[in-house]
């Protein structure tokens, strides 16, 4: 195991050496694990936090919301009236989320309007802008290390007529399930060359360079856990040695069979604020006429601030 630990540690430049996510820190891991699982026993995953008349989370509920996120890495909210994008972003800032990721499909304000687009729209080649199902993934798994997505938020302006629900899986719980069963396979998931994303080239123009990295890594500074993963079979190359294959099969097996998968369908004026957990989306159906399904999405280079922890700095992963 020593060689494995050396390789893993080399991939975690600058992280907090007391992080519970380092395999050598068994005592710190057991204390963190016990607290997280106890919180999950105490708190219901489907609790919905009501926003106040200013469309903010009341200060009296902020601590409870942070405990909810510590337990499940997400929280649900309901607004009394429809949120505009400015109000949506202001709500996210209550959780320390400020550094928006500017992606190809984002609007000029950095918020992405997820809706079905016409075939003539260049975004139609990307599944989020269709009514097709999205397999398990974390957001921005193809991003560079300098642009890691640590958190995102969704807000439902209009839900589809049928379908369009989400499935969620806490990436920290995934870590626990794998570490408890096989620390060796967990170390394989932290190898810096485990996953490779080929470059995105369109019309002889480089849209995104090739990226490589681990599935699990640790934030520099605060020692938090980050996950990069996709179930998509295309445009990704996995390391092909036997240990890596066993590790990836364990992730797939857990996602297929675990009772910890959370299914939800955001209703009108509902939203979710979360760290970058594993998630997917059902296919959906809308009538031909507008307005159709519309979800606001904001992606962040920050992680949610919990219990006074500092968010990771740009480039930490």
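Compute the Cα gyration tensor for the stretch 19-88, then decide on rounded, prolate or oblate, letting a ≥ b ≥ c be the square roots of its eigenvalues: rounded whenever a/c is under 1.5, prolate when a/b is larger than b/c in the other cases, and oblate in all that remain. Since a/c reaches 1.5 and a/b is larger than b/c, the shape of the stretch 19-88 is classed as prolate. If the segment from residue 135 to residue 18 were pulled out straight at 0.36 nm per residue, it would be longer than the present Cα-Cα gap by 38.7 nm.
Extension gain, residue 46 to residue 267: 0.36 nm times the residue separation minus the Cα-Cα distance gives 78.3 nm. Each of 139, 107 was scored by other Cβ atoms within 10 Å of its Cβ. Listed from fewest to most, they are 107, 139. Spin-label pair residue 56-residue 93: with each label point 7 Å from Cα along the Cα-Cβ axis, the two points sit 1.0 nm from one another.
Computed on the chain, with alpha-carbon pairs under 8 angstrom and 6+ residues apart, the relative contact order is 31 percent. The base-10 log of I(q)/I(0) for the stretch 163-216, evaluated at q = 0.29 Å⁻¹, reads -1.03 [Debye formula, identical scatterers on Cα atoms, solvent excluded].
Quick check: from the Cα gyration tensor, does the stretch 185-255 come out rounded (a/c under 1.5), prolate or oblate? Judged from the Cα gyration tensor, the stretch 185-255 comes out oblate (a/c at least 1.5, b/c at or above a/b). Residue exposure proxy: 305, 237, ordered by other Cβ atoms within 10 angstrom of their Cβ from fewest to most, comes out as 237, 305.
Put in line by how crowded their Cβ is, counting other Cβ atoms within 10 Å and starting with the fewest, 157, 48, 117 read 48, 117, 157.
Spin-label model, residue 212 to residue 28: label points 7 Å out along the Cα-to-beta-carbon direction sit 2.8 nm apart.
For the pair residue 236 and residue 193 in one chain, pulling the backbone fully straight at 0.36 nm per residue adds 14.3 nm over the alpha carbon distance. Given the alternatives (1) 60, 53, 35; (2) 57, 42, 40; (3) 70, 54, 33, Cα extents along the principal axes in Å as computed for this entry is given by (1). Quick check: from the Cα gyration tensor, does the stretch 78-170 come out rounded (a/c under 1.5), prolate or oblate? It is rounded, given that a/c, with a ≥ b ≥ c, falls under 1.5. Shown is the FRET efficiency for residue 259 and residue 285, computed with R0 = 22 Å from the Cβ-Cβ distance and rounded to the nearest 0.05: 0.20. In a solvent-free Debye calculation with one equal scatterer on each Cα, what is log10 I(q)/I(0) for the stretch 262-303 at q = 0.17, 0.18, 0.34 Å⁻¹, listed in the order of the q values? Calculated log10 I(q)/I(0) at the listed q: -0.65, -0.72, -1.45.
Where a number appears in this text, it was derived from the coordinates with a stated rule and is not lab data. Owing to the predicted nature of the structure, the values given are computational and were not obtained by experimental measurement. Cβ: placed from backbone, ideal geometry, glycine included. Neighbour counts: every protein chain shown.
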